[in-house]
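> Sharing a structure below in structure tokens format, with a few things to ask.
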Amino acid sequence: MARLFQALFLTASATRVFASCAYGTHLMPRAEEGEVPISTFGYTGSIGPLNWAALATPDNNACATGTRQSPIDMVDSVFEVIPASSVTFEVNDMPDGAEFENLGSTVEVITQGGRLVLDNKEFALQQFHFHLPSEHLDNGTSQAMEMHMVHQSEAGEIAVVGVYINIATEAAAAAPAKRSLGSRSRLFGRQEAAAPVTGAPTTLLETIFGVVDQISVPGTKVKTPPLVMSEVVNLVKAGNFQAYSGSLTTPPCSEGVNWRVSTAKLAVSPASFTKVRDVIGFNARFPQNAPGEPNILMVSALGSAAAAVSVAGTAA
Ligand SMILES: *[C@@H]1O[C@H](CO)[C@@H](O)[C@H](O)[C@H]1NC(C)=O
Ligand SMILES: [Zn+2]
């Protein structure tokens, strides 16, 4: 395992592609103070996920050949369930605000400490960023957004806590406090009870996305207002982690990433969602095959080769 990570380190540090999922880790060291690098990969056309491997060969090869790629559809058989309350997961508040950057491929908050302990191994929080819509599918269903909290161990191993974000319903958005289902149905009657229920907007997200329009241009940054992290940490700790070993969802698609996808869901008000959507646009890699199965891009390459052989056979 140690060798694998050393190899990852050597391979990935050679690449010039800025990977949002790994930015600020050893795979993509943070740029000089004051600079916000702009990603050279994207989500459509010639720089999109189908061509990531070709953008930097061999650094990005795993994007096209890896067999434990992320994101995936989080169906029962692919993950292990771990109560988050049993996991050490801490995030420092940022009372003076935090740096919030537009990397072109995502918008990212540079954190100021936090830790995740997995199997007695300590991972330090580096940053969190957002995907729109969600990259993982929640048992077959895409969510409005997904937050990735990226951690790194001393040995350079990566662990990412993924948290889905949904759009708060009008009723929930109007009420700052959490309401039980019971009081909701009493208040709104049968008709409303059938509507999808999401929580009130998450204060952390409202605070961050409140200034996202100030970094609408890739390569720009802004200081957020003070950030209190306990709300999100407490929500996550009240749920479970769906654990599996996958990859970065951005180039160089390095594997050996410890994924912990939370069953807790955050919520964003419709107004904030619109704001962040207008800045991010679309930045989700397509769902990959289940861990251990051939890479989708290999399947298609083999498929075309097989088709070519069969056509040739027919012709002969
Ligand atoms: C996922 O969906 C299937 C049906 O599509 C259902 O049987 C299963 O219980 C669901 N799993 C979870 C964790 O909700
Ligand atoms: Zn990510």
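The values are calculated or read from the model by the stated rules, or taken from the named source; none is laboratory data. If you're wondering where the values come from, they're calculated on a predicted model, not measured in any experiment. Virtual Cβ from ideal backbone geometry, glycine too; neighbours counted across all protein chains shown.
> Under 8 Å by Cβ, and 6 or more places apart or on different chains, what pairs join a residue from segment 40-67 that is within 17 Å of Thr106 (Cα to Cα) with one that is among the hydroxyl-bearing types (Ser, Thr, Tyr) and at pLDDT below 95?
Ile47/Thr40
> Within segment 83-106, is there a residue that is in contact with a strand residue (DSSP E or B) (Cβ under 8 Å, 6 or more places away or on another chain), touching a residue at least 24 places away in the same chain (Cβ under 8 Å), within 16 Å of ligand 1 (Cβ to nearest atom) and not basic (Lys, Arg)?
For segment 83-106, residues in contact with a strand residue (DSSP E or B) (Cβ under 8 Å, 6 or more places away or on another chain), touching a residue at least 24 places away in the same chain (Cβ under 8 Å), within 16 Å of ligand 1 (Cβ to nearest atom) and not basic (Lys, Arg): present.
> I'm trying to understand the selection: among the residues of segment 222-256, which are assigned to a loop (DSSP other than H, G, I, E, B) and polar (S, T, N, Q)?
Once the filter is applied, which keeps residues that are assigned to a loop (DSSP other than H, G, I, E, B) and polar (S, T, N, Q), segment 222-256 yields Thr224, Thr249, Thr250, Ser254.
Conditions (1) modelled with pLDDT of 95 or more; (2) within 16 Å of ligand 1 (Cβ to nearest atom); (3) closer than 14 Å to Leu266 by Cα, marked per residue:
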site	(1), (2), (3)
Gln143	yes, yes, yes
Ser153	yes, no, no
Thr169	no, no, yes
Pro176	no, no, yes
Arg179	no, no, no
Arg186	no, no, no
Gly210	yes, no, no
Ser245	yes, no, no
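> Residue under question is Gly45, and the condition is that it be more than 16 Å from ligand 2 (Cβ to nearest atom) and closer than 28 Å to Leu227 by Cβ; does it hold?
Considered against the rule, which asks whether it is more than 16 Å from ligand 2 (Cβ to nearest atom) and closer than 28 Å to Leu227 by Cβ, Gly45 comes out as no.
> Continuing with this model, one more query. Quick check on segment 109-141: of everything there that is within 16 Å of ligand 1 (Cβ to nearest atom) and either buried (at least 16 other Cβ atoms within 10 Å of the Cβ) or modelled with pLDDT under 95 (or both), which residue is nearest to Gly97 (Cα to Cα)?
Here the answer is Ser134.
> Any idea which of Asn240, Asn258, Asn283, Asn234 is without any contact (Cβ under 8 Å) to a residue 40 or more places away in the chain and either crowded, with 22+ Cβ neighbours inside 10 Å or under 29 Å from Met94 (Cα atoms) (or both)?
When all the criteria are applied, what remains is Asn234.
> Could you tell me whether any residue of segment 80-100 is hydroxyl-bearing (Ser, Thr, Tyr), farther than 25 Å from Glu154 by Cα, modelled with pLDDT of 95 or more and not in a loop (DSSP other than H, G, I, E, B)?
Looking through segment 80-100, none of the residues is hydroxyl-bearing (Ser, Thr, Tyr), farther than 25 Å from Glu154 by Cα, modelled with pLDDT of 95 or more and not in a loop (DSSP other than H, G, I, E, B).
> Tell me yes or no: at least one residue of segment 64-75 is in a helix (DSSP H, G or I) and either modelled with pLDDT of 95 or more or loosely packed, with under 14 Cβ neighbours inside 10 Å (or both).
yes
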